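**Student:** Once you've had a glance at the structure underneath, I'll fire off some questions.
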Amino acid sequence: MNSIAKLKKNLPAMQHFSGTSQKRAGMNIVKFMALLLVLTIIARGASGATMTRVSTTNPGRGEIALEVTGNAVVSSVGTLDVFAPEGLMIAEMLASVGQTVDIGDAIAKFDMHELTEKLVRENAALDRLLLDLEVSERTETVDSNNLTNNQRYLARAREDYNLTKAQGEADVVAAQSVLNNAQSALNDALNAQTAQAAQAAQAASQLTHDAENESDIDAADAYTPVTPDESDADKIHELQAAVDAARASLEAAQRRAQDDLRSANRRIEDAEAGLSAASQDHERNLDRRLETAESNRISATVLRLEIEEQEAIVNELQMLLDNNGTLHSNITGVASAMMNRGDVTNKDALITLRDGAKGYEASMQLDKEDADKLSIGSECEVTTGRSSMFYVPTVTGIVSAITPPDENDKVKITIRLPQGDWTEGQRIDVQAIQSRSIYDMCIPLSALRSDNTGYFVLLVEQRSSVLGVENVVVQMPVTVLASDSDKASVEGPISRSSQIITGSNKAVTAGDRVRVD
């Protein structure tokens, strides 16, 4: 309960005081109220003197451009390399980095002793390659003597078979003829003997018939039976022996003919097997010859290419020797890298020249967070760096390459530049705009705060107290829709009239009383 309320409560009791007492009491009240007013003024003044001062702004419409800015270095797109024969010691480099090298300019001088020895070695290597090529181009023939011999053996075996068959058949025919003749002679002898016996039997029968009729008893008595002559029996025996011998000769001739024919047929089979094996060997040799010929053809092709390269090396070394070891450039450009005196040439370029005729590009490094806003094909505003106080020339470049982040989360951005008056190593400013949009609730980035719960803003709200109207800080959570380098678009429980703190002379938190500048 404050002093004024207590005073009102005690007024009825005061009315019972006497007039003097009432006047004294009234004066005391007036003095008390004046003192209270003075103390209040002093308290508010003291409080205001120590109170945090803040600056505020109101949200409003604004344009937010999502952009990335940085500083880039210009370099030509094309590079041209000048090479020298490998294994030569550089006695002196006659060009320097950044120097413009024209066709015919001397760029390096090599040690003459090593150059001479190198030429001798490379000429020997060329001679070896030429000899290898001569060997590879030789035509290999396949030996067909074995096949021809086996073909001849088979032909002879078939010829022998036919001769053996004919001879055997002739021998059998001859033996058959001898048998037939012997058999015929035997048959004739036997037939004659049979006829003689029949004649004798007929005569005896006639005599017997006559005797039975007793017509010629004397003739019957006088008849003497005919008996085979012993010489005839021997003859038949001899003829039978001749037949048997002829039959044995025929059988022997048949067996001999069959045996000889079987042997001749086996010789044919052996000759055919030998010819088949020889044919297979010949086919394999032909295949191997074809494979060898194809391999030699490929080797010859490779050798010709190697010979061309070796001849180029020899010619280049000879040209260097003729020029007292001095190498001259055959291209034009700005020297960007080169080997050093005392180095030995290898497969790397002796000197690298930048070729501005192929265009220029700029490269810069960005944090991954900024690089994620760009993509291949993004347009960039490029300041050429040749500005004046009245004019800042800009051109449009195109993002042509974006590398993956390195261990430090840095990304290299390459920008293809349009045709222009660019120079090697020139530094330029780059601004890449991803998008531009109008937002209703934009605030300065200085007004946007965050903690582990997310983004928020601090508002100033007016509240009444015993000391009067006070400015109290209130924390309001917001969601960030977009932001650029100086402002952000937010949404949340704020309005256009909200007083958002953008700065203060001391740290300020929710609930603090502040003074608005």
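The values are calculated or read from the model by the stated rules, or taken from the named source; none is laboratory data. Quantities reported herein were computed from a predicted structural model and do not represent experimental measurements. Using ideal geometry, Cβ is built from the backbone for each residue, glycine included, and neighbour counts are taken over all protein chains shown.
**Student:** Name the one entry in Arg61, Arg138, Arg121, Arg128 that is basic (Lys, Arg) and under 30 Å from Arg436 (Cβ atoms).
**Tutor:** Arg61
**Student:** On the basis of being part of a strand (DSSP E or B), touching a Ser or Thr at 6+ places or on another chain (Cβ under 9 Å) and at pLDDT 90 or above, does Val508 make the cut?
**Tutor:** So Val508 does not fit the description; no.
**Student:** For the range 351-373, name all the residues that are in contact (Cβ under 8 Å) with a residue 60 or more places away in the chain, in a loop (DSSP other than H, G, I, E, B) and under 30 Å from the mean Cα position of the chain (by Cα).
**Tutor:** Within the range 351-373, no residue meets the criteria.
**Student:** Arg386: at pLDDT 85 or above and among the charged types (D, E, K, R), yes or no?
**Tutor:** no
**Student:** Please list, ordered by residue number, the strands (runs of 3 or more DSSP E) wholly in the range 387-492 having 2 or more residues that are under 53 Å from the mean Cα position of the chain (by Cα), loosely packed, with under 12 Cβ neighbours inside 10 Å and not basic (Lys, Arg).
**Tutor:** Per the criteria, 427-444, 449-451.
**Student:** Does Arg267 satisfy the criteria of being of a type in the set (Lys, Arg), assigned by TED's automatic domain parsing to the domain that holds Asp160 and touching a Phe, Trp or Tyr at 6+ places or on another chain (Cβ under 8 Å)?
**Tutor:** For Arg267, the condition - of a type in the set (Lys, Arg), assigned by TED's automatic domain parsing to the domain that holds Asp160 and touching a Phe, Trp or Tyr at 6+ places or on another chain (Cβ under 8 Å) - is met.
**Student:** Going through the range 464-514 one residue at a time, which ones are out of contact with any strand residue (DSSP E or B) (no Cβ under 7 Å at 6 or more places or on another chain) and more than 30 Å from Glu369 (Cβ to Cβ)?
**Tutor:** Ser464, Ser465, Val466, Leu467, Gly468, Ser495, Ser497
**Student:** Among the residues that make up the range 97-104, is at least one of them over 30 Å from Ser279 (Cα atoms), in the same structural domain as Ala246 (by TED's automatic domain parsing) and surrounded by 13 or more Cβ atoms within 10 Å (Cβ to Cβ)?
**Tutor:** No, every residue in the range 97-104 fails to be over 30 Å from Ser279 (Cα atoms), in the same structural domain as Ala246 (by TED's automatic domain parsing) and surrounded by 13 or more Cβ atoms within 10 Å (Cβ to Cβ).
The rows are residues; the columns are (1) more than 27 Å from Ala264 (Cβ to Cβ); (2) free of Cβ contacts under 8 Å to residues at least 40 places away in the same chain; (3) more than 60 Å from the chain's Cα centre (by Cα); (4) not in a helix (DSSP H, G or I).
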position	(1), (2), (3), (4)
Lys165	no, no, yes, no
Glu169	no, no, yes, no
Ala174	no, no, yes, no
Ala189	yes, no, yes, no
Thr194	yes, yes, yes, no
Ala201	yes, yes, yes, no
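**Student:** Is it true that Glu316 is under 29 Å from Thr100 (Cβ atoms), acidic (Asp, Glu), more than 33 Å from the chain's Cα centre (by Cα) and surrounded by 15 or more Cβ atoms within 10 Å (Cβ to Cβ)?
**Tutor:** Against the criterion (under 29 Å from Thr100 (Cβ atoms), acidic (Asp, Glu), more than 33 Å from the chain's Cα centre (by Cα) and surrounded by 15 or more Cβ atoms within 10 Å (Cβ to Cβ)), Glu316 qualifies.
**Student:** Further question: Of the conditions (1) in contact (Cβ under 8 Å) with a residue 60 or more places away in the chain; (2) touching a strand residue (DSSP E or B) at 6+ places or on another chain (Cβ under 9 Å), Ala293 satisfies every one except a single condition; which number is it?
**Tutor:** (2)
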